[in-house]
Structure formats: C-alpha cells, structure tokens
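Participant: Just passing along the structure, written as structure tokens.
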Amino acid sequence: MVFNFKNEEDISKWIVTSDSDHEEGNSHGSFTMSPAGHGLFSGYLDPKAPKTGNIKYAGYSNITSISYYRSFKRETCYDWGSYTHLKMRVRGDGRRYRILLNIPFSKFYLSAKGRVQDKQSAVDLRKVKKVGITIADRIKGPFRLEIDYIATHCDPSHTEEFAYEMYKIPPYII
C-alpha cells in the first residue's frame, strides 16, 4: 500500500487545489475523512471561465500528495520500477458499490493544466515524486470520490512499456 486513507494524518499529507485558488474560476474542493473512514475528495465544479479575457477554460479541482525531502532539500522519489500497475479502491457517487481500478503505468501520459502535451514518453517509475487526482470533466455541479487506498501492483504478463505513438517534435518545441 502506497497511500492508505484511514485517519486524519493520512489525509493531511495531501494538498487540494482548484481553479479558484489561482483566480482562474469558481470551483472548489476538499479532502476529508468520509463517515465510512476513507478519504473523501469532494467539492463543486464550475466550468464557466471568468470574464477577464485571460482565461479560456475553467473547472478543475485536484488532490496531490506532498513532497518529502531528505537533507539539503533533496526531494525523495518513490521507486516503482518493479511495478506495472497503479491500483486504487474507490467509490464515486455514494452508492454501495466500490470499484477496484487497476491501471497499467504504460497507459499514463503527460498533461499540464488539463491539456495533453505533444511531447510524450513513458513514465520513469524509478523517479515518481507525487501522485495526484484531478477532476476536470466540464460538468457543472458537485463531485465526490471516496478513496480507500492507492497501491502499486506487479503483473509479470504485462510487458507494454508505453501505449501511445511518439511523434517527431521539432527541437525548438519543448
């Protein structure tokens, strides 16, 4: 188990951000303990962009694990090089069922501010610094995701390294 959300101390190791934190929208989120004793990421999404002329898209909320540092401010990384999948036990809408997600790391891709980036590569699993979950589905209204745990898993039959095509990008595009 990498992250187990069983008490307030586990919850306090995560940071919540939303577009309203950066004056880019009116969404908000929180990460608390659910009545069932699990992590509860919930809030309200408002995809309407402010009329400032600077922002085109709005409507996101995110939870991210905090960074850990060693001496001399060296950031600690998770070494997941011997694992193939990220496993999460979650419940989305408050009903009685739970979902066990088993996502291959080969299916992860680089994005920034909700946009898929042109330059892609496989995740370096030996240097994972943080884990985050973002909701940005452009649907106005409340959201709720209850999280029991996040873990890593090794499936020896999974050999795919990166699931997406790579395109030649001119060197001046970063």
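The values are calculated or read from the model by the stated rules, or taken from the named source; none is laboratory data. Just so we're clear, the structure is a prediction, and the values are computed from it rather than from any experiment. Glycine also receives a Cβ, built like all others from the backbone with ideal geometry; neighbour counts cover every protein chain displayed.
Participant: Considering only segment 124-143, I want to know if a residue exists there that is more than 22 Å from residue 13 (Cα to Cα) and hydroxyl-bearing (Ser, Thr, Tyr).
Facilitator: No, segment 124-143 contains no residue that is more than 22 Å from residue 13 (Cα to Cα) and hydroxyl-bearing (Ser, Thr, Tyr).
Conditions tested, residue by residue: (1) part of a helix (DSSP H, G or I); (2) closer than 14 Å to residue 85 by Cβ.
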position	(1), (2)
102	no, yes
106	yes, yes
120	no, no
138	no, no
145	no, no
152	no, yes
159	no, yes
166	no, no
170	no, no
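Participant: Within the group 124, 137, which residue is acidic (Asp, Glu) and within 30 Å of residue 37 (Cα to Cα)?
Facilitator: Details: 124 fails: within 30 Å of residue 37 (Cα to Cα).
Sole residue among the options that is acidic (Asp, Glu) and within 30 Å of residue 37 (Cα to Cα): 137.
Participant: Restricted to segment 75-98, and to residues that are modelled with pLDDT of 90 or more and not in a strand (DSSP E or B), which residue is surrounded by the most Cβ atoms within 10 Å (Cβ to Cβ)?
Facilitator: 84
Participant: Could we say that residue 60 is modelled with pLDDT under 95 and either of a type in the set (A, V, I, L, M) or crowded, with 18+ Cβ neighbours inside 10 Å (or both) here? Can you show your working first?
Facilitator: On the way: modelled with pLDDT under 95: yes; either of a type in the set (A, V, I, L, M) or crowded, with 18+ Cβ neighbours inside 10 Å (or both): yes.
Yes.
Participant: I would also like to ask the following. Within segment 17-43, which residues are within 22 Å of residue 56 (Cα to Cα) and out of contact with any helix residue (DSSP H, G or I) (no Cβ under 6 Å at 6 or more places or on another chain)?
Facilitator: Within segment 17-43, 17, 18, 19, 20, 21, 22, 23, 24, 29, 43 meet the criteria.
Participant: Looking at 36, 58, can you tell me which residue is hydrophobic (A, V, I, L, M, F, W, C), farther than 21 Å from residue 3 by Cα and touching a residue at least 24 places away in the same chain (Cβ under 8 Å)? Steps first, answer last, please.
Facilitator: Values: 36 fails: farther than 21 Å from residue 3 by Cα.
Being hydrophobic (A, V, I, L, M, F, W, C), farther than 21 Å from residue 3 by Cα and touching a residue at least 24 places away in the same chain (Cβ under 8 Å) holds for just one of 36, 58, which is 58.
Participant: What number of residues within segment 2-60 satisfy the criterion of being in contact with a His (Cβ under 8 Å, 6 or more places away or on another chain) and either under 30 Å from residue 79 (Cα atoms) or among the basic types (Lys, Arg) (or both)? Don't jump to the end; show me each part of the working.
Facilitator: Here is the first cut: in segment 2-60, the residues in contact with a His (Cβ under 8 Å, 6 or more places away or on another chain) are 5-6, 18, 20, 43-44.
When the remaining residues are screened for being either under 30 Å from residue 79 (Cα atoms) or among the basic types (Lys, Arg) (or both), the result is 5-6, 18.
Adding up the residues that qualify gives 3.
Participant: Look at segment 39-73 and say how many of its residues are in a strand (DSSP E or B) and under 22 Å from residue 142 (Cα atoms). So that I can check it myself, show each step before the final result.
Facilitator: Let us first name the residues in segment 39-73 that are in a strand (DSSP E or B), namely 39-45, 61-65, 69.
Cutting the leftovers down to under 22 Å from residue 142 (Cα atoms) gives us 39-45, 61-64.
Selection size over segment 39-73: 11.
Participant: Moving on to the next point. Taking residue 18 as the residue in question, decide whether it is closer than 20 Å to residue 134 by Cβ, small (Gly, Ala, Ser) and surrounded by fewer than 16 Cβ atoms within 10 Å (Cβ to Cβ).
Facilitator: Values: closer than 20 Å to residue 134 by Cβ: yes; small (Gly, Ala, Ser): yes; surrounded by fewer than 16 Cβ atoms within 10 Å (Cβ to Cβ): no.
Judged against the criteria, residue 18 is not a match.
Participant: Limited to segment 1-12, what total is found for residues that are in a loop (DSSP other than H, G, I, E, B) and in contact with a Phe, Trp or Tyr (Cβ under 8 Å, 6 or more places away or on another chain)? Working first, answer last.
Facilitator: Here is the first cut: in segment 1-12, the ones in a loop (DSSP other than H, G, I, E, B) are 1-2, 5-7, 12.
When the remaining residues are screened for being in contact with a Phe, Trp or Tyr (Cβ under 8 Å, 6 or more places away or on another chain), the result is 1-2, 5.
Qualifying residue count for the region: 3.
Participant: While we're looking at this one, here's another question. Testing residue 123 on (1) within 25 Å of residue 31 (Cβ to Cβ); (2) in contact (Cβ under 8 Å) with a residue 60 or more places away in the chain, one condition comes back false. Which one is that?
Facilitator: Every listed condition holds for residue 123 apart from (2).
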